[in-house]
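The values are calculated or read from the model by the stated rules, or taken from the named source; none is laboratory data. Given the structure is predicted, the values throughout are model-derived calculations rather than measurements. A quick note on method: Cβ atoms are made from the backbone with ideal geometry, for glycine too, and the neighbour counts reach across all protein chains shown. Side chains included, ligands, DNA and RNA excluded: accessible areas come from the protein's heavy atoms. Shrake-Rupley method; radii C 1.70, N 1.55, O 1.52, S 1.80 Å.
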Amino acid sequence: MSTNPTIKGKIEQERDVLNKLVSIYGIEHPLVIRQSELLDELINQHNKTKST
């Protein structure tokens, strides 16, 4: 099973951004929600590449 290190690195980076946004704005702020959606997209992309 090979994973794409670029996607994994991007996921970690975007997760860090999400955590910072949550600490600044709280969980329900639109910026936090958008960042969470972006992170979800990256995770879904990563999962698709793992299953192929």
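A few remarks follow.
- The stretch between Asp16 and Asn44, if pulled fully straight at 0.36 nm per residue, gains 8.3 nm over its current Cα-Cα span.
- Degrees separating the helix 30-51 axis from the principal Cα axis of the chain, which is the longest one: 10
- Shape of the range 7-46, Cα gyration tensor, a/c cut at 1.5: oblate
- Proximal lysines relative to Lys20, as straight alpha-carbon distance under 22 Å, when same-chain residues fewer than 8 apart are discounted: Lys8, Lys10
- The chain - percent of accessible surface contributed by carbon and sulfur, probe 1.4 Å: 54
- Radius 14 Å from Cβ of Thr49, net charge of other residues (Lys, Arg +1; Asp, Glu -1): +3
- Per residue, the chain exposes 76 Å² of accessible surface when a 1.4 Å probe is rolled over the protein heavy atoms with every protein chain present.
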